[in-house]
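Any read-out appearing in this document is the output of simple, stated calculations on the displayed coordinates, not a laboratory observation. The model shown is predicted, which means the values in this text are computed figures rather than measured ones. Neighbour counts run over all protein chains shown; Cβ positions are idealised from the backbone, glycine included.
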Amino acid sequence: THAYSVPATNPFVGNSGVLDEIFTIGHRNVHQIAFGKDSQGDVQILVSEIGQESVEEINLLAAGASYGWGEREGTFVRIGNGIGPLPATPDGFTYPVAQYGHIQPGGNAITGGYVMNNGSELDGYYFFGDFSEGEKPIFAIPLDDAVGAITSGESGASLLGDQSMGSDTIVRALKKAG
């Protein structure tokens, strides 16, 4: 048997304000954690997170990152039980690689999340659904697109123009620079 230990490379080891075991912070309600290899063969960790009032999100985990809960919901500032636009200056949070609003039909609570790897043309896609009334949508995003998304407000990142969340399609949280 092996004794319990925390890898020395864990991002919060030695930080007196956080348990050594913590890998990332700022999550509200993680529903599913999925592992998948991108086209470069690197293992990526994707997390589906149920929002509170307005936004469902997919986060690509990075060691030591803060995903902003309870100050942010997706790429929005939390204001009471609602949301508002992000500030113009970088805030140090890591934002989702994909998100969608609470729209109908669909858009109540994200569920699942699996990276396809079965030798088909769907390999490398991350699939997830939504617990909703009526139609039960299934969404898919390419894992490589998630890896390539800019998830911070620094150096050239720009939010998508439509931040209203009023569409019934997946909204990429941040687009690639250039």
Could you tell me which GluC sites (Glu not before Pro) in the range 1-68 are loop residues by DSSP with no more than 14 other beta carbons within 10 angstrom of their beta carbon? Glu21, Glu53
Going 7 Å from the Cα of Ser152 toward and past its Cβ, which residues in the range 76-92 have a backbone nitrogen under 16 Å from where you end up? 89-92
Against the rule of thumb 2.2 N^0.38 Å, how large the Cα Rg of the range 43-94 comes out: 1.16
Of the chymotrypsin sites (Phe, Trp or Tyr not before Pro) in the range 1-30, those whose Cβ has at most 13 other Cβ within 10 Å and which sit in DSSP loop: Tyr4
Could you give me D for the range 1-68, from Stokes-Einstein at 37 °C and 0.692 mPa s, where the hydrodynamic radius is the Kirkwood radius over C-alpha pairs? Units µm² s⁻¹, please. 238
